[in-house]
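S.K.: A single structure is presented below for examination.
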Amino acid sequence: MANDISKFALVQAYERGCARAAFETMGQGTHSLETQARFAEGNIIDKKAQDTLFSDGITVPFSRNEDAIDTTSTLMADAKVDRINQPTLRTSNGEVVRLDSMERTAEGWNQEEVKSALSVKDKHKFDALVSTDRALRAGVSIEDTWLVHLNRVWRLGDSDLDLFSTENITASMSDPDMVQFLADTTSKLAADPPPAATLVGGCWGCSHFSNCFGQTDNPITDLSKPKQESIAELSRHGVVDIADIPSGFKLTKGQRAHVDLIRNGQPIVNQDGLRERLDEIQNPVRHLDFESASFAIPLHADVAPWGHVATQYSMHLESEAGLVHREFLVEAEGDQRRALAERLIEDLGKEGSIIVWSVAYERGRITDMAAWFPDLAPQLNAIEQRLFDLLPTVRNNVRHPGFHNSYSLKAVAPVLASGFGYDNLDIADGAMNLMMRGKIAAEEVPAMRERLLRYCERDTEATAGILQALRDMVIIQDSG
């Protein structure tokens, strides 16, 4: 397997501090739409760098590895070629690496690694280390390694050259911890059997946890992340479920409270606090949820690289006849930011509370629109003042073992709103990005748009269901 290990999998292992994460990543099959969208943005940035920073180079065309390797070898042998873009190399044991760009020096080559990120992070340095390591083992003398990333102050209309910032990361290519982790991980992945599952800090938030340890009722990762020494002790005891934590195990106050909640199996409700908070809600009540897209190179004026642009919203109005739904989804082409803002103002009216889940996100989208369209700012600012965050209402007053120590909308709604869930919806982050980039086949777009609409609608159905459940809790207590 050693010559088949992708850089993507190795970086996943580095981020998690776990070789098993690379093994699971390579076995997961097709990438999610979100990952596909990220790859698409990365490819766009690579091409932009070739056309600007590296325009003096010769680009090796995408082709079969053998052809690309032969072309690279020919270009390297030609002393008149000072720069090669997308050079493809093979190590002695068969690993193939495609670099972003190499520049000839008096003694060898400098390597530039292009990333669509806004700053240099350790994972980017490790990614570059994988490339540099393979290039060196392919017989290429790499002197300096540079990381090219996006300039966060760039805006549409600025010079393409100003889109990029560059940092010399050569020192990191010999960082002993990174070098050792790469060597150890590669060795483990090449061995048979594959790396064993071991509880480490990277298990918290890892989507592969159940693959590694099996399905459990209350996985240990539901606990607020313990310190490293506590994780190591849990690993020695073989603990992967909260129910198996040894008696007397040292826990923080918050961790102990969650363990007790799980073992008691009963929700805890602060009736007074909940009632006081619900009394702040004013009629007519509306529920609002935004979805947005973000791009490495923005498609709209006055938007930063990776800046969010609202692409749709769902709104439910509570009425005597039930919930009344309104929605808006932009087209894949053109700038419909103003059309969305105007429809939003119309649908939200001028009075009543607007229920959202985690207000910072919705507030950010409204603030953006007010900045883009100053003539609409008074109405949008008035809308922002009416936002009511349901998340702290639940977090501060309701604790339930079914939440699994998470207060995400998808964790809370199925527990409090009986029969509610997302399982019958097939959509993922990244779909709108791919459509706006023209990466979704035309015949698939109508169905994709419908799925996006229904998914956003489900989020405002969720807050409506949660709010009603909270009202019922207070009513039941009052009648009791």
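S.K.: How far is the Cα center of the range 140-156 from the Cα center of the range 219-281, in Å?
M.R.: 43 Å
S.K.: Mind sorting TRP372, TRP306 by how few other Cβ atoms lie within 10 Å of their own Cβ, fewest first?
M.R.: Values: TRP372 19, TRP306 16.
Listed from fewest to most nearby Cβ atoms, that is TRP306, TRP372.
S.K.: Amide H neighbours of ASP289 under 5 Å, at least 5 residues apart or on other chains, H built in the peptide plane: list them.
M.R.: Sorted by chain and number, the residues that satisfy this are SER314.
S.K.: Moving to a separate point now. Could you compute the net charge surrounding ASP175? Neighbours are other residues with a C-beta less than 11 Å from the C-beta of ASP175; K and R count +1, D and E count -1. Walk me through the numbers before you get to the answer.
M.R.: On the way: positive: LYS125; negative: ASP122, ASP177.
Residues close to ASP175 contribute a combined charge of -1.
S.K.: Limiting things to C-alpha atoms, what are the Rg and the maximum Cα-Cα separation (Dmax) for the range 274-479, in angstroms?
M.R.: 17.6, 57
S.K.: Which FRET efficiency value, to the nearest 0.05, is calculated for SER235 and ALA191 with the Förster distance at 25 angstrom and r the Cβ-Cβ distance? Could the numbers behind the result be given before it?
M.R.: Working: r = 20 Å, r/R0 = 0.81.
Efficiency at R0 = 25 Å is approximately 0.80.
S.K.: Separate question: Using 18 Å as the cut-off for backbone N distance, which residues of the range 446-466 belong to the label zone defined by a point 7 Å from the Cα of THR30 along Cα→Cβ?
M.R.: Within reach of a label on THR30: 446-452.
S.K.: Output ³J(HN,Hα) for the range 393-409: one whole-Hz value per residue in order, computed from phi by the Karplus curve 6.51 cos²θ - 1.76 cosθ + 1.60 with θ = phi - 60°, and x for Gly and Pro.
M.R.: 4, 6, 4, 8, 10, 9, 10, 9, x, x, 6, 6, 6, 10, 10, 6, 4
S.K.: Binning at 20 angstrom from zero up to the longest distance, how are the C-alpha pair distances of the chain distributed in percent?
M.R.: Each 20 Å bin holds this share of Cα pairs: 19, 46, 31, 4, 0.
S.K.: In degrees from 0 to 90, rounded to the nearest 10, what is the angle of the helix 7-16 Cα long axis to the longest principal axis of the chain?
M.R.: Around 50 degrees separate the two axes.
S.K.: Right, here's the next one. Tilt of helix 122-137 relative to the longest C-alpha principal axis of the chain, in degrees (0 to 90, nearest 10)?
M.R.: With rounding to tens, the tilt is 20 degrees.
S.K.: Turning to a different aspect of this structure: Hey, what angle do you get for helix 65-77 against the long axis of the chain, alpha-carbon based, 0 to 90 degrees rounded to 10?
M.R.: So the helix axis and the longest Cα principal axis differ by about 50 degrees.
S.K.: For THR59, which sequence-distant residues (separation of 5 or more, or a different chain) have an amide H within less than 5 Å of its own amide H, given hydrogens modelled in the peptide plane?
M.R.: Excluding prolines and chain starts, which carry no amide H, the hits are ASN85.
S.K.: Once phi is turned into θ = phi - 60°, what whole-Hz ³J(HN,Hα) does the Karplus curve with 6.51, -1.76 and 1.60 give for every residue of the range 314-328, x standing for Gly and Pro?
M.R.: Computed from phi, the couplings for the range 314-328 are 10, 9, 10, 9, 7, 9, 4, 8, x, 7, 10, 9, 10, 8, 8 Hz.
S.K.: Which percent, to the nearest 5, of DSSP beta bridges fully inside the chain are antiparallel? Don't skip to the answer; put the middle values down first.
M.R.: Values: 35 of 47 bridges.
Bridges in the chain are about 75 percent antiparallel.
S.K.: On to the next question. Tell me, how many Å apart are the Cα centres for the range 299-356 and for the range 398-453?
M.R.: Here the answer is 17 Å between Cα centres.
S.K.: Something else now. Would you mind getting me the FRET efficiency between LEU299 and GLU167? Use the beta-carbon distance for r and R0 = 25 Å, nearest 0.05.
M.R.: 0.40
S.K.: Shifting gears a bit: Taking the DSSP beta bridges in the range 274-479 as the whole, what percent of them are antiparallel, to the nearest 5?
M.R.: Here the antiparallel bridges make up roughly 75 percent for the range 274-479.
S.K.: Through the Karplus equation 6.51 cos²θ - 1.76 cosθ + 1.60, θ set to phi - 60°, convert the phi angles of the range 438-448 into ³J(HN,Hα) values in whole Hz; use x for Gly and Pro.
M.R.: x, 9, 10, 4, 3, 6, 8, 4, x, 5, 5
S.K.: Sort all Cα-Cα distances of the range 201-265 into consecutive 5 angstrom bins from zero, then give the percent of pairs in each bin up to the one containing the longest distance.
M.R.: So the P(r) values, bin by bin, are 3, 17, 32, 29, 15, 4, 0.
S.K.: Helix-only mean residue ellipticity at 222 nm, the chain, DSSP H runs n ≥ 4 weighted -39,500 (n - 2.57), per residue, nearest 500. What is it? Please report the intermediate quantities before stating the final value.
M.R.: Details: 17 runs with 206 residues, N = 480.
Calculated from helices alone, the mean residue ellipticity at 222 nm is -13500 deg cm²/dmol.
S.K.: Further question: For ASN264 and ARG363 in the same chain, what is the full-extension length gain: residue separation times 0.36 nm, less their Cα-Cα distance, in nm? Display every interim value, and only then the final one.
M.R.: Values: separation 99, 0.36 × 99 = 35.64 nm, distance 3.76 nm.
Stretched fully, the ASN264-ARG363 segment lengthens by 31.9 nm.
Bear in mind that the values in this text are calculations on the coordinates, not laboratory data. If you're wondering where the values come from, they're calculated on a predicted model, not measured in any experiment. In this analysis, Cβ positions are derived from the backbone assuming ideal geometry, glycine residues included, and neighbour counts consider all displayed protein chains.
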